[in-house]
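The structure appears right after this line, and notes come after that.
The values are calculated or read from the model by the stated rules, or taken from the named source; none is laboratory data. Just so it is clear, the structure is predicted and the values come from calculations on it, not from any experiment. Heads up, the Cβs are rebuilt from the backbone with ideal geometry, glycines too, and the neighbour counts pull from every protein chain shown.
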Amino acid sequence: MIELRVHGRGGQGNVTLAELIAMSAFYDGKSSQTFPMFGVERKGAPVVAFVKIDNKFIRSREQIYGPDFIIIQDPGLLKAAEPLAGAKRNTVVLINSSKLPAKACPNYTGKAYCVPALDIALKTIGKPIINTAMLGAFVKISGLIKLKSAIKAIQKKLEEKYGKEIIDKNYLAFEAAYKATKK
């Protein structure tokens with residue numbers, strides 16, 4: 001089973017990112033599960049979302065303490081919280097940052113990637129909503145999800161609330177982050 005955690009702040013789209021990853025895996029024919037962890041926090045408070053992906057039915061419902069992937073949507077959480085807690089030697093970390101991984105996450109010795117998701121979102125979407133950009137980077141670094149499945153997940157998830165213009169902007173953010181992420 002592949003397990004990942006998404007760390008960010010309320011309002012950044014952390015739960016939506018986790019849902020997009022789980023939906024993408026489902027469209028690839030895998031079992032997936034996602035759930036958030038937050039209390040009565042308001043916008044801006046730390047939020048964690050969990051995703052599990054497997055080729056067989058997932059029975060476990062517990063939180064993830066030793067993730068295979070950690071996605072950090074707000075790099076400020078590296079100082080304000082402990083998003084790297086439980087990271088294993090082979091845990092892959094993806095950070096929303098325009099810095100080099102060694103500068104963005106200096107205390108982590110494992111594999112880390114950075115993508116300027118905020119810059120991409122502001123340029124393509126016009127708002128600081130980075131979840132589809134982070135999805136593009138995750139698809140690139142993980143190899144767990146097919147591109148067409150992630151695009152389908154964006155379409156299905158966003159068509160519930162938004163029109164074609166917003167969906168197209170999110171595709172652009174997804175594509176730009178996929179291309180900007182160096183593997």
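For segment 136-166, a residue qualifies if it is surrounded by 18 or more Cβ atoms within 10 Å (Cβ to Cβ), of a type in the set (A, V, I, L, M) and in a helix (DSSP H, G or I), and the qualifying residues are 137, 139, 141, 150, 151, 153, 154, 158. Note on segment 88-127: residues that are among the small types (Gly, Ala, Ser) and surrounded by fewer than 21 Cβ atoms within 10 Å (Cβ to Cβ) total 5. Out of curiosity, is residue 169 under 29 Å from residue 29 (Cβ atoms) and crowded, with 18+ Cβ neighbours inside 10 Å? Criteria met by residue 169.
Taking only pairs six or more apart or across chains, which ones have beta-carbon atoms under 8 Å, a first residue in segment 1-15 that is more than 12 Å from residue 94 (Cβ to Cβ), and a second residue that is among the basic types (Lys, Arg) and modelled with pLDDT of 85 or more? Matching pairs, first to second residue: 1/52; 2/52; 3/52.
Is there a residue in segment 119-135 that is in contact with a Pro (Cβ under 8 Å, 6 or more places away or on another chain) and within 20 Å of residue 10 (Cα to Cα)?
Yes - at least one qualifying residue is present in segment 119-135.
In segment 63-81, how many residues are free of Cβ contacts under 8 Å to residues at least 60 places away in the same chain, over 23 Å from residue 132 (Cβ atoms) and surrounded by 12 or more Cβ atoms within 10 Å (Cβ to Cβ)? The total comes to 1.
Would you check which residues across segment 115-157 are under 14 Å from the mean Cα position of the chain (by Cα), under 20 Å from residue 51 (Cα atoms) and not aliphatic (A, V, I, L, M) and list them? Within segment 115-157, 131, 132, 136, 138, 140, 142, 143 qualify.
Given the condition over 19 Å from residue 5 (Cβ atoms), polar (S, T, N, Q) and modelled with pLDDT of 90 or more, answer yes or no: does some residue in segment 108-124 qualify? Talk me through it step by step, then tell me what you get.
The first filter runs over segment 108-124 and keeps only residues over 19 Å from residue 5 (Cβ atoms), leaving 116, 118-124.
Keeping just the survivors that are polar (S, T, N, Q) gives 124.
Still in the running and modelled with pLDDT of 90 or more: 124.
Checking segment 108-124: at least one residue is over 19 Å from residue 5 (Cβ atoms), polar (S, T, N, Q) and modelled with pLDDT of 90 or more.
Only strands (runs of 3 or more DSSP E) whose full extent lies in segment 4-109 are considered here, and the ones with at least 1 residues that are among the acidic types (Asp, Glu) are 46-54.
Table: residues versus (1) closer than 19 Å to residue 96 by Cβ; (2) surrounded by 14 or more Cβ atoms within 10 Å (Cβ to Cβ); (3) modelled with pLDDT of 95 or more.
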position	(1), (2), (3)
19	yes, yes, yes
22	no, yes, yes
28	no, yes, yes
32	no, yes, yes
43	yes, no, no
46	yes, yes, no
49	yes, yes, no
61	no, no, no
